1. Just give me a number: lysine pairs in the chain, eight or more positions apart or cross-chain, with C-alpha atoms less than 25 Å apart.
2. Along the charge dipole of the chain, pointing to its positive end and built from +1/-1 on Cβ of Lys, Arg, Asp and Glu, which listed residue (232, 87, 53) has its Cα farthest out?
3. Excluding residue 27 itself, what net charge comes from residues whose Cβ is under 13 Å from its Cβ, given Lys and Arg +1 and Asp and Glu -1?
4. Once you charge only the Cβ atoms, +1 for Lys and Arg and -1 for Asp and Glu, what is the size of the charge dipole of the chain about its Cα centre, to the nearest 20 debye?
5. Counting only other residues whose beta carbon sits under 15 Å from that of residue 171, what net charge do I get with K and R as +1, D and E as -1?
6. Please give the Cα centre distance for region 1-39 versus region 189-237, rounded to the nearest Å.
7. Amide H to amide H under 5 Å from residue 193: which residues, 5+ apart in sequence or cross-chain, H placed 1.01 Å off N in plane?
8. Add -39500 (n - 2.57) for each DSSP H run of 4 or more in the chain, then divide by its residues: what number comes out at 222 nm, to the nearest 500 deg cm²/dmol?
Amino acid sequence: MATMVADTASIDPRAEIADDVEIGPYCVIGPDVRIGRGTRLIAHVCIYGHTTIGERNVIHPYAAIGGEPQDYSYRGTDTRVEVGDDNIIREHVTIHRASEKEQGLTKLGSNNLLMVNVHVAHDCLLGDRVVIANNTILAGHCHIHSSVIISGGVAMHPFVTVGSFSYTGGMSRIYHDVPPFMIIDGNPSKVRCLNVVGLRRNGLSTEAIAGLHEAHRLIYRNRMGATQAAEILEKGGHSCAEVKNLLAFIENQNLGKHGRARERWRGTK
């Protein structure tokens, strides 16, 4: 099926547009952009820089992808944005290309939903099946693992890591890493409880959920260190893969600056 392009769209002839792409009115596509099959740009979408968009994405009006990072240190090098497949990117979403401080890449995986007015800053790496609600701001260098839900109006500090199967409550200020499997909420944000509903929906076993319940009790209610908690969990038969994942995340987090594993006390990249 041929690509459908509105008469008012502005597409640089050097852009690589696959078959079956729909480009609506007043879209602007730069020279170093690649767009995969079946992707729809509904209207007024701007895609700049060295940006690759995968297949079957739906990008809504006034989204801007691949703009320069909001970073004074950026000197105009060819950093990149990569977007996977089957994502829904709603109105006024901004995804900025990377700075020159890490891998030179801002990346969004597949099967994600970014709701209205979400900002994904430079050098952020997002996994798959991530849902981010309206007006949430990810600062630079955030890493969001797969199967995460972030509610609306959340402000996330640079270098924060968000673990898989976690849920972040609306209007939270996130300046520590978010442990996997947990619900975190508030300003200042705190781990509140286990994300039981999310774990069940994602098919985690009863045994895994029971082990994570016990790990939460020991670490976040009894204030026990991860090493001591690991010994008790092992003796109690709760040392499943999910619990080991949680404990490793917490141990790594504790090595970081202000509860952010990727920001070490000796300085960041």
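No value in this document is a laboratory result; all are computed from the given coordinates. Everything numeric here is computed off the predicted structure, so don't read it as measured data. So basically every Cβ, Gly included, is an ideal-geometry build from the backbone, and we count neighbours across all protein chains shown.
1. Within the chain, the lysine pair count is 9.
2. 232
3. Around residue 27, the surrounding residues sum to -2.
4. On the way: 28 positive and 28 negative charges, 231 e Å.
The calculated dipole for the chain is roughly 1100 debye.
5. +2
6. Between the Cα centre of region 1-39 and that of region 189-237, the gap is 48 Å.
7. Excluding prolines and chain starts, which carry no amide H, the hits are 183.
8. Working: 4 runs with 41 residues, N = 269.
Computed mean residue ellipticity for the chain: -4500 deg cm²/dmol.
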